[in-house]
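Please read the structure below before turning to the comments.
The values are calculated or read from the model by the stated rules, or taken from the named source; none is laboratory data. Worth saying up front: this structure is predicted, and the values here are computed from it rather than measured. We place every Cβ from the backbone using ideal geometry, glycine too, and count neighbours over all the protein chains shown. All accessible areas refer to the heavy atoms of the entire protein, side chains included, with ligands and DNA or RNA removed. Shrake-Rupley method; radii C 1.70, N 1.55, O 1.52, S 1.80 Å.
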Amino acid sequence: MSDFIPVNTPLLNGNEKKYLNECIDTGWISSEGPFVKKLEQEFSAYTGQKYGSCVCNGSVAIDAAVRAMKAVFKWEEGDEVILPDYTIISTAQSLLYNGLKPVFVDADAQTWNMDTAKIEEMITPRTRAVMVVHIFGLPTDMEKVFALAQKYDLKIIEDAAQAHGQTYFDKKCGSMGEISTFSFYANKHIACGEGGMVMAASSELIEKVNFYKNLCFSRDRFVHEELGWNFRMSNLQAAVAYAQFERLEEFIARKKRMGAYYQEELKNIPAQLPLVKTAYAENNYWVFGIVLDDDVKFNAKEAMEKLAQKGIGCRPFFYPLNKQPVFQKMGLTDTVDRPVADRLYARGFYIPSGLGLTDENMEQVVRMVRSIF
């Protein structure tokens, strides 16, 4: 057996070294460097949002976005934002850091995104927004979200961390909310180790983002009337991200080929594979997930252990937010049944999906996945 195959292997063989050397040669390594502005302008234009603001990672992108929304739209402490139960904790904790209450909606069993048919029953007089999170390469079905936003005067916060270049019909993910966020973590389609971006449809919102991410500096630079953070992205990060952005369409095509290979070679295992497409989007396979059938005698954790012993790295699916121990201690959970999110965590995991995987790597992954059944 060859060496261990990690769950993610990035592809860094474009202009990354060239642009990093340019940063070093010019001395522009801080957030004031030119690659930051180039990335903001060109990626926001590509996505279809008017304004972009680079930050140091995807989680703080959500922090800054929520703070800006609260300030501009004058939300109050305890106001509510609806979001998926099946997603990473960064989304909910950003609401809590900003004094807002997260309200969790179960997942759709086919797409693994938020079940938009269940949103309306969670709306109360204190609901201010819906936070959409596009999961694993397929966008959320936005039609119902748009209708509810109009009916109840709700705002849309769009977390497109896993959806670089993805579209909902003809709309790019990241262009469909008042504000949107991206991550450039090492396993994303655009990867610079860490890094992220906030995009907004209005200058007022992006100005607030820039204000809060930069320690709330005022015109008198060291005079502060509010508290913020240092969430700035360095020119070094932006140089790598920009080199990755140059190849985004190539990367998406590569991910689709990888997904098609896994779909064909794993179609007979006793498990649910990702949807190839929906009425509104083709899967671009940020990661390739597997959900074990109920009659498989082992669960996701045991499957990952079996594959680790065979040299294959895997990752679990998200633990439902409504069951997070930290939220239970805070009294934020409820007794609403969310069976799909529960099942996805118990039965789901994803296999190596990084852009740097070779054909030989994928062949070995397939052999080992088949062998555990």
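The combined condition, being open to solvent by 70 Å² or more (accessible area, probe 1.4 Å) and of a type in the set (D, E, K, R), is not fulfilled by residue 255. Restricting attention to segment 156-170, the residues that are outside any loop (DSSP other than H, G, I, E, B) and touching a helix residue (DSSP H, G or I) at 6+ places or on another chain (Cβ under 8 Å) total 4.
The single residue among 24, 29, 62, 5 that is among the aliphatic types (A, V, I, L, M), touching a helix residue (DSSP H, G or I) at 6+ places or on another chain (Cβ under 6 Å) and open to solvent by 80 Å² or more (accessible area, probe 1.4 Å) turns out to be 29.
Evaluate segment 106-128: report whether one residue or more is basic (Lys, Arg), touching a helix residue (DSSP H, G or I) at 6+ places or on another chain (Cβ under 6 Å), open to solvent by 10 Å² or more (accessible area, probe 1.4 Å) and not in a strand (DSSP E or B). For segment 106-128, residues basic (Lys, Arg), touching a helix residue (DSSP H, G or I) at 6+ places or on another chain (Cβ under 6 Å), open to solvent by 10 Å² or more (accessible area, probe 1.4 Å) and not in a strand (DSSP E or B): absent.
Checking the structure you have, find out if any residue of segment 12-23 is part of a helix (DSSP H, G or I) and hydroxyl-bearing (Ser, Thr, Tyr). Working first, answer last.
First, the residues of segment 12-23 that are part of a helix (DSSP H, G or I): 16-23.
From what is left, the residues that are hydroxyl-bearing (Ser, Thr, Tyr) are 19.
There is at least one residue in segment 12-23 that is part of a helix (DSSP H, G or I) and hydroxyl-bearing (Ser, Thr, Tyr).
Inside segment 85-105, residues that are over 15 Å from the mean Cα position of the chain (by Cα) and open to solvent by less than 10 Å² (accessible area, probe 1.4 Å) make up a count of 6. Among the conditions (1) surrounded by fewer than 22 Cβ atoms within 10 Å (Cβ to Cβ); (2) among the hydrophobic types (A, V, I, L, M, F, W, C); (3) touching a residue at least 40 places away in the same chain (Cβ under 8 Å), the only one that residue 231 does not satisfy is (1).
Considering only residues that are open to solvent by 70 Å² or more (accessible area, probe 1.4 Å) and in contact with a helix residue (DSSP H, G or I) (Cβ under 9 Å, 6 or more places away or on another chain), look in segment 337-366 and name the one that is nearest to residue 301 (Cα to Cα). First the steps, then the outcome.
So in segment 337-366, the residues open to solvent by 70 Å² or more (accessible area, probe 1.4 Å) come out as 337, 343, 345, 359-360, 363.
Filter again for in contact with a helix residue (DSSP H, G or I) (Cβ under 9 Å, 6 or more places away or on another chain), leaving 345, 359, 363.
Details: 345: 9, 359: 26, 363: 22 Å.
That would be 345.
Can residue 204 be described as on the phi < 0 side of the Ramachandran plot, touching a helix residue (DSSP H, G or I) at 6+ places or on another chain (Cβ under 8 Å) and either of a type in the set (Asp, Glu) or surrounded by fewer than 23 Cβ atoms within 10 Å (Cβ to Cβ) (or both)? Considered against the rule, which asks whether it is on the phi < 0 side of the Ramachandran plot, touching a helix residue (DSSP H, G or I) at 6+ places or on another chain (Cβ under 8 Å) and either of a type in the set (Asp, Glu) or surrounded by fewer than 23 Cβ atoms within 10 Å (Cβ to Cβ) (or both), residue 204 comes out as yes. In summary, residue 232 fulfils each of the numbered conditions (1) part of a loop (DSSP other than H, G, I, E, B); (2) within 14 Å of the chain's Cα centre (by Cα) with the single exception of condition (2). Taking segment 165-189 as the range and being small (Gly, Ala, Ser) and buried (at least 19 other Cβ atoms within 10 Å of the Cβ) as the test, the residues that pass are 165, 174, 175, 177, 180, 183.
The residue of segment 267-284 that is least open to solvent (accessible area, probe 1.4 Å), among those that are assigned to a strand (DSSP E or B) and over 12 Å from residue 317 (Cβ atoms), is 271.
Within the bounds of segment 309-324, is there any residue that is hydroxyl-bearing (Ser, Thr, Tyr), more than 23 Å from residue 80 (Cα to Cα) and either modelled with pLDDT of 95 or more or surrounded by fewer than 18 Cβ atoms within 10 Å (Cβ to Cβ) (or both)?
First pass over segment 309-324, keeping only residues hydroxyl-bearing (Ser, Thr, Tyr): 319.
Filter once more, keeping what is more than 23 Å from residue 80 (Cα to Cα): none.
Within segment 309-324, none of the residues are hydroxyl-bearing (Ser, Thr, Tyr), more than 23 Å from residue 80 (Cα to Cα) and either modelled with pLDDT of 95 or more or surrounded by fewer than 18 Cβ atoms within 10 Å (Cβ to Cβ) (or both).
Consider segment 25-80 and keep the residues that are in a strand (DSSP E or B) and polar (S, T, N, Q). The one that is nearest to residue 95 (Cα to Cα) is 57. Select from segment 285-324 the residues that are on the phi < 0 side of the Ramachandran plot, touching a strand residue (DSSP E or B) at 6+ places or on another chain (Cβ under 8 Å) and assigned to a loop (DSSP other than H, G, I, E, B) and list them in ascending order. If the condition is that a residue be on the phi < 0 side of the Ramachandran plot, touching a strand residue (DSSP E or B) at 6+ places or on another chain (Cβ under 8 Å) and assigned to a loop (DSSP other than H, G, I, E, B), then 287, 293, 296, 298, 299, 313, 314, 317, 320 are the ones that fit. Number of residues in segment 210-220 that are open to solvent by less than 40 Å² (accessible area, probe 1.4 Å) and touching a Lys or Arg at 6+ places or on another chain (Cβ under 8 Å): the value is 2.
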